[in-house]
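Visitor: Sending over a structure as structure tokens; questions will come in a sec.
The values are calculated or read from the model by the stated rules, or taken from the named source; none is laboratory data. Because the structure is a prediction, the values reported are computed rather than measured. No Cβ is skipped: glycine too gets one built from the backbone with ideal geometry, and neighbour counts run over all protein chains shown.
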Amino acid sequence: MMAVGVGLTLALSACGANSAAPSAAPDAAPVAEDAPRVGVILPETESSARWEGFDKPLLEEAMAAAGLDADVQNAQGDEQRFSTLADSFIASGVDVLVIAAITSELGADVAAKAQAQGIPTIDYDRLSLGGTSDYYVSFDNVQVGSLQGQGLAEALSGQQGAEVIEIRGAPTDNNATLFYEGALTQLQPLYDSGALVQVASQAIEDWDNQIGGTTFEQLLTSNGGQVGGVLAANDGLAGAIITVLQKYGLNGEVPVTGQDATPDGLQAILRGDQYMTVYKPIREEAEATAQLAAALAADDTAAADALATGTVTDTEGNREVKSVLLTPQLITRDNVADVVADGFAQASEICVPETQAACTELGIS
Ligand code: BGC
């Protein structure tokens, strides 16, 4: 593979208002001029605080540490922008393309275009069903959902017949399907026995947090304002749901699940408004991706294969995709401190006046 050296920054700044962010973390190690080039496209900013808050800086850091010249962009939920970014990266001859696609269809389309130019692709966090990416790096997403189900079941244990409303992720994100599959491994037996009652279940287009909130409010009011617990697929949706619960004076009484261990999610847990979140150490995800990208840029398939720890099934493409699948962790009030100890959250951002008492009690400082 060769880098043709076209000025990508120029190509990208041509696409307008959302101009390119600085391409490397300020404290990243200097990268050699002839370093292999990696294009990274993240899907959204609004669906979760993770993409700009964690993935972008951690990918920049990990790529630089692996000796790669990476340019991390975000499509901001715009499929057209995602395609344009991909076309620019491909035209400029990046050595590897890393994509967290907005939808499987879009990801498959981009991977096919890259492949036609001999550019290997890595599916980052989200698997594009029916795609052709050479490798996939993510967490065990069924396990993520299972932890959500486990958390909700634990929070509602002893409340016979508690009514549950489920607010799921985007129907076009394979992860959302896996999260829900995992959640049901815990919840379905409880629904079957009548220990819990499933009142409603709704997928939210684009993981749009606001729509998640309004959808939840409609489901709540059509259930006569009654709810015992909420399965929310991530912290962003949980935050919108908690705002609705606050409006009805129900926050703190109704356990809500989450995911991503975002600063807002952790604060909500410390306030008692959210029961749990799932901590996914994104640093490990970024580092595994950088190592894979370095192996692929060096055309070293054996090294790349050695990094892959398993495979996942692409149910649409009927193929096994070589994967690195990392382990998620269940976080409740009792172990929020673990996320701080791991350096993922800072005490200064989660210990605010409303949570200070909890921080003090839990030894978070
Ligand atoms: C990611 C989650 C994230 C969600 C919305 C999923 O694909 O795995 O971490 O909360 O997308 O951005």
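Visitor: List the residue pairs whose Cβ atoms are under 9 Å apart, where the first residue sits in region 227-241 and is assigned by TED's automatic domain parsing to the domain that holds Gly149 and at pLDDT 95 or above, the second is among the basic types (Lys, Arg) and more than 10 Å from the ligand (Cβ to nearest atom), and the two are 6 or more positions apart or on different chains.
Guide: Close Cβ pairs satisfying both conditions: Leu231/Arg168; Ala232/Arg168; Ala233/Arg168; Leu237/Arg168.
Visitor: Working carefully through the options Asp299, Asp273, find the one that is modelled with pLDDT of 95 or more, surrounded by 19 or more Cβ atoms within 10 Å (Cβ to Cβ) and in a loop (DSSP other than H, G, I, E, B).
Guide: Just a single option satisfies the conditions, and that option is Asp273.
Visitor: Residue check: is Ser92 within 16 Å of the ligand (Cβ to nearest atom) and of a type in the set (S, T, N, Q)?
Guide: no
Visitor: Here's a follow-up. If you take the residues of region 150-177 that are touching a Pro at 6+ places or on another chain (Cβ under 9 Å) and within 16 Å of the ligand (Cβ to nearest atom), which of them is nearest to Pro255 (Cα to Cα)?
Guide: Checking each candidate, the answer is Gly151.
Visitor: Moving to a separate point now. What number of residues within region 117-139 satisfy the criterion of being assigned to a loop (DSSP other than H, G, I, E, B) and more than 12 Å from the chain's Cα centre (by Cα)?
Guide: Within region 117-139, the first condition is being assigned to a loop (DSSP other than H, G, I, E, B), and the residues that meet it are 117-120, 125-134.
With more than 12 Å from the chain's Cα centre (by Cα) added as a condition, the list becomes 117-120, 128-134.
Result for region 117-139: 11.
Visitor: Being touching a Gly at 6+ places or on another chain (Cβ under 8 Å) and within 16 Å of the ligand (Cβ to nearest atom) is the filter; apply it to region 178-202 and report the residue that is farthest from Thr315 (Cα to Cα).
Guide: The residue in question is Ala183.
Visitor: Spot the failing condition for Ala290; the list is (1) assigned by TED's automatic domain parsing to the domain that holds Asp95; (2) not in a helix (DSSP H, G or I), and only one is missed.
Guide: (2)
Let's see how each residue does on (1) more than 25 Å from Ser47 (Cα to Cα); (2) among the hydrophobic types (A, V, I, L, M, F, W, C):
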{"position": "Thr84", "(1), (2)": "no, no"}
{"position": "Ile90", "(1), (2)": "yes, yes"}
{"position": "Ala100", "(1), (2)": "no, yes"}
{"position": "Thr103", "(1), (2)": "no, no"}
{"position": "Ala114", "(1), (2)": "yes, yes"}
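Visitor: Where residues in region 310-343 are part of a loop (DSSP other than H, G, I, E, B) and in contact with a helix residue (DSSP H, G or I) (Cβ under 9 Å, 6 or more places away or on another chain), which of them is farthest from Ile269 (Cα to Cα)?
Guide: Per the stated criteria, the residue is Gly317.
Visitor: Also, quick follow-up: Counting only residues that are touching a helix residue (DSSP H, G or I) at 6+ places or on another chain (Cβ under 8 Å) and within 21 Å of Pro171 (Cα to Cα), how many does region 107-140 have?
Guide: Total meeting the criteria: 16.
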